[in-house]
Structures are given as structure tokens and as C-alpha cells.
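Coordinate-derived values only; no laboratory data. As the structure is a prediction and not an experimental result, all values here were calculated from the model. Cβ placement follows ideal geometry from the backbone for every residue including glycine, while neighbour counts extend to all protein chains displayed.
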Amino acid sequence: MPDRYEVIVVGAGVMGCATAYHLAKRGRHVLLLEQFAVGHELGSSHGHSRIIRLAYDAPDYVRLAQAAYPLWRALEQESDAALLLQTGGLDFAPPGAPTFEATRASLAAAGVPFDDLDRAGIAARFPQFQLPDDTIGIYQRDAGILNADRSVATLAAQARRYGAAIHEGEPARRIAPSGGGVAVRTDSHAYTADRLVITAGSWARPLLRQVGLELPLTVSKEQVAFFAPHAPELFEPGRFPIFIHHAIRGSAGYGFPIFGLPGVKVAWHGGGPAVEPDSDDRALVPERLDSLRDYVARLLPQAAGEVIYTQTCRYTRTPNGHFIIDRHPVHPQIVIGSPCSGHGFKFGVLIGSILSDLAERGATDHPIGLFGLG
């Protein structure tokens, strides 16, 4: 007889671990399958840090971020793990950058307090930046850093604490509807469940193809670099914020104060080369690293020391850059919770709760209209 669960979750990145955590905490008999190990570096959830912020260019994201913060704080309190460091956040742009203007409008509409800054105002607060005279900015105090590796590990540990089974090194080879439930086959076991939640990130497209969904998802290889600053004290949390540099065209730049490693982390948001989901290519693209070096030298000259660490990760993007959070249109017992288009980690603990809602009762009270398969 197959092993039976109420819910099977496939993929133990931040979304999958958060879903297993919430379901187990609600008393569900849940199995989380991970093809590698929890915390592996082959997908999209690993690393020292991720930005968390309220400053977003769509009101629904602002509302979701407002709901995510207290869940991260509750997880910290429950687990006694430090996960979220508030640093404040600076968004800046040339005049007319669409995402910057939309971000300002979304914050204002939501009643989130922020400070409007011109070039002189930015320089007065953060003289580390060298910016063009016409630069405009927004400072929002609630932004900060999530410890990515620790967040995933904590969600997995708490899921286990509440009774979830987590099987590492056990990929889901076959998934299929079975009556009103689902059947999942791995190399070693056959499982059945009432519900299936797919949080497979870069591997979502081939997996979803098995249940009749051919989605236009693209996977890209992105990379980050840590630069050793010439004056480290200028880039400590409290003196330097997380930042997002909005562009009128091309990739946006973003960065962090010193956290996790003795360097300033800087990256481009998107624009990396396309890769296949099963590709083992994790090599850096030298031209992309060179462009980051030039960028840091112009923007943050006091941070432009040697590169002390680099890392790659995956973006799995939808055509419009939004998430997918929805139920299968034909088999509603299958819930889809990925991809997150390279900006989902901050919402992970909340998306896990939303996916649990969809698995348990087919609906959620949170705004997810942007994220339907349609």
C-alpha cells in the first residue's frame, strides 16, 4: 500500500518549508519531498541575505509585505532564532523611472510612512553614495535583511517539530491526480495524499507538465558579489541601508550593508543567462562580474575593494514578473506556489500560510489576484 498523507509538498526551498511548517502547525499530516538537501545551493533560497521591504511598485505586494513582517517576527520568537535585521531601505532613481514612481505611489496609497529625498538629502544621510545631481530617492525605515539560510533551516526545523516528515534526497519523479486526491512516485516510494502543493522553483515547469500545465517559465542564472570596503565602518548596519537602484531601462542594481560576510553585497536584479532547470552550470559569468565592479566603483567608491565572495542562484520568472499562487484549473487538489520571479523570499513565511489555506479550504483571505495562472 502507498504511504498516505493529508498533504504532500514538493520542493523544500523557503516556500515549501514554510508551507510544511504552517500545515504541520495546523495539525495536518504532511510530507515534504526535497530532491537534494534542505538548504542546498542549487536553487533560489540559499545565501547569506535577502532584502525584506514594504517599498513595492504594486499595492498588493505592499499589503502582503505588511502581513509577512509579523509572521517572521513570530517565527523568531517561537524558534529563538534571529532572522530579520531592520536596516532601513533606500530606493533611488533618475526622474521618471516607472518602478520608482509606482513604488512611491503604492506606499502613499497604503499609508506607509517614508521620506522623500533629493540628491542632497541622500548625500546628507548616506554620503557613501556618489549619485548624479538629478537623483531622487525614498527612505523607508522598515526595510531590512533576512538571513536566508537560517530562515529556511528554521522553517524546516519548526515543521519537523510540529510533526512534518521531511524526506531529503528523494525527488518526486511522477505526480498525477488520483480520484479526488493525488499520487506521487519517487525512486523508492509511492505516496498518496488528499492535496499536493508544488513549490519546485526552477524545476516547476517540467513537473507541472505531468499534470497538463505547459507554463511559459524561464530560468536564469544570476550572481551576487561581496566587495571588501576600504572603510568597513561606513557600511555597517545602522550607517548604511539596503538599497534598490531603479533603472529606466535595463537591470536594476541592489545591495546590502555588511552582513554575514565582511563585504558589501551587490547584484543586478535579473538579466542573467537562460539555463535549463536541470543544468549543473553554476559558473560565474565574467562579464557580469566586471559590470558589477564598474557599478560599485561608480556608485560606492569606498566599497570598491576586492571581490571576496561570489555566488550564483536561479530566477524562475513568469512573463509578467509576478508570482504564481493558484490551484490547478482542472485538478483543484493540486496547488501551485512557484515560481516567484526572483523577488519572493521576503514573503516566504506568508506564502506558506497562503498555500496552506488553498490546500485546506481552497481560498485565502490575502490578496492573490495578481498571481493566478490566468
(request) List the relative contact order of the stretch 153-201 as a percent without decimals, with contacts defined as Cα pairs under 8 Å and 6+ residues apart. (result) 22 percent
(request) Using the Karplus curve 6.51 cos²θ - 1.76 cosθ + 1.60 with θ = phi - 60°, work out ³J(HN,Hα) for each residue of the stretch 17-22 in order, rounded to whole Hz, and write x for Gly and Pro. (result) 5, 5, 5, 4, 4, 5
(request) Quick one: P(r) of the chain from all Cα-Cα pairs, 10 Å bins, percents rounded to integers, in order of increasing distance. (result) 5, 24, 33, 24, 11, 3, 0
(request) Would you be so kind as to identify which of Leu146, Ala110, Leu131 lies farthest towards the positive end of the dipole of the stretch 106-159, taking Lys and Arg as +1 and Asp and Glu as -1 on Cβ and the Cα centre as origin? (result) Leu146
(message) Please give me the summed charge of the neighbours of Leu300: other residues whose Cβ is under 15 Å from its Cβ, Lys and Arg +1, Asp and Glu -1.
(response) +1
(request) Provide the FRET efficiency to the nearest 0.05 for the Glu101-Arg239 pair, computing r from the beta carbons and using R0 = 35 Å. (result) 0.80
(message) Test of understanding: extend the Cα→C-beta vector of Arg150 to 7 Å, then name every residue of the stretch 35-61 with backbone N under 11 Å from that spot.
(response) 49
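Starting from the exponent 0.38 and prefactor 2.2 Å, build the expected Rg for the stretch 54-117 from its residue count and divide its actual Cα Rg by it. If you can, show how the numbers build up before the last one.
Working: Rg = 14.0 Å, N = 64, 2.2 N^0.38 = 10.7 Å.
My calculation over the Cα atoms of the stretch 54-117 gives 1.31.
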(message) For the pair Asp118/Leu284, report the inter-label distance in nm, with labels modelled 7 Å from Cα in the Cβ direction.
(response) 4.0 nm
(request) Add +1 for every Lys or Arg and -1 for every Asp or Glu among the other residues with Cβ under 12 Å from the Cβ of Tyr61, and state the total. (result) +1
(message) As a test of the definition: which semi-axes, in Å, follow for the stretch 89-203 when you take the square root of five times each eigenvalue of its alpha carbon gyration tensor? Largest first, please.
(response) 48, 17, 14
(request) Search the structure for amide H atoms under 5 Å from the amide H of His331, placed 1.01 Å from N in the peptide plane, and list their residues when 5 or more places away or on another chain. (result) none
(request) Counting only C-alpha contacts under 8 Å and six or more residues apart, can you give the relative contact order of the stretch 124-229 as a whole percent? (result) 13 percent
(request) In whole Hz, with x marking every Gly and Pro, tabulate ³J(HN,Hα) for the stretch 325-330 from phi via Karplus 6.51 cos²θ - 1.76 cosθ + 1.60, θ = phi - 60°. (result) 9, 6, 9, 4, x, 10
(request) Treat the stretch 1-99 as a sphere of radius equal to its Kirkwood radius over Cα pairs and apply Stokes-Einstein at 4 °C in a medium of 1.567 mPa s; give the translational diffusion coefficient in µm²/s, rounded to a whole number. (result) 79 µm²/s
(request) Calculate for the chain the 222 nm mean residue ellipticity that helices alone would give, adding -39,500 (n - 2.57) per DSSP H run of length 4 or more and normalising by residue count, nearest 500 deg cm²/dmol. (result) -8500 deg cm²/dmol
(message) At 1.567 mPa s and 4 °C, plugging the Kirkwood radius over alpha-carbon pairs of the stretch 173-262 into Stokes-Einstein gives what diffusion coefficient in µm²/s?
(response) 73 µm²/s
(request) Just add up the charged neighbours of Asp357: K/R +1, D/E -1, any other residue whose Cβ is under 14 Å from the Cβ of Asp357. (result) +3
(request) Determine the relative contact order of the chain: mean sequence separation of Cα pairs under 8 Å and six or more apart, normalised by residue count, in whole percent. (result) 24 percent
(request) Any chance you could list P(r) for the stretch 257-374, counting all Cα-Cα pairs in 5 angstrom bins from zero, rounded to whole %? (result) 2, 9, 16, 16, 15, 13, 11, 9, 6, 3, 1, 0
(message) Suppose the chain between Leu370 and Thr218 were pulled fully straight at 0.36 nm per residue; how much longer would it get relative to their current alpha carbon spacing?
(response) 52.9 nm
(message) Based on alpha-carbon centroids, what's the gap between the stretch 234-294 and the stretch 1-28 in Å, whole number please?
(response) 32 Å
(message) Based on alpha-carbon centroids, what's the gap between the stretch 155-181 and the stretch 118-151 in Å, whole number please?
(response) 40 Å
(request) Mind giving me the FRET efficiency for Ala176 and Asp60? R0 is 35 Å, r the Cβ-Cβ distance, nearest 0.05 is fine. (result) 0.60
(request) For the stretch 149-160, take each phi angle, set θ = phi - 60°, evaluate the Karplus expression 6.51 cos²θ - 1.76 cosθ + 1.60, and give the result in whole Hz per residue in order, putting x for glycine and proline. (result) 4, 5, 5, 4, 4, 5, 4, 5, 5, 6, 4, 4
(message) Normalised radius of gyration for the stretch 198-243, please: alpha carbon Rg relative to 2.2 N^0.38 Å, two decimal places.
(response) 2.09
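May I ask for the Rg/Rh ratio of the stretch 251-291, computed from Cα atoms with Rh as the Kirkwood radius, given to two decimals?
1.03
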(request) Mind grabbing the base-10 log of I(q)/I(0) for the stretch 177-324 at q = 0.08, 0.16, 0.21 Å⁻¹? Debye formula, identical points on the C-alpha positions, no solvent, two decimal places. (result) -0.34, -0.91, -1.27
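Give me the percent of Cα-Cα pairs in the stretch 129-176 that sit more than 16 Å apart, rounded to a whole number. Write out the running numbers ahead of the final one.
Values: 786 of 1128 pairs.
Everything past 16 Å amounts to 70 percent.
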(message) 5 Å is the cut-off here: which amide hydrogens, built 1.01 Å from N in the peptide plane, fall below it relative to Tyr309, excluding neighbours closer than 5 in sequence?
(response) Phe226
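Run the dipole for the chain about the Cα centre, Lys and Arg Cβ at +1, Asp and Glu Cβ at -1, nothing else charged, and hand back the magnitude in debye, nearest 20.
The dipole magnitude comes to about 580 debye.
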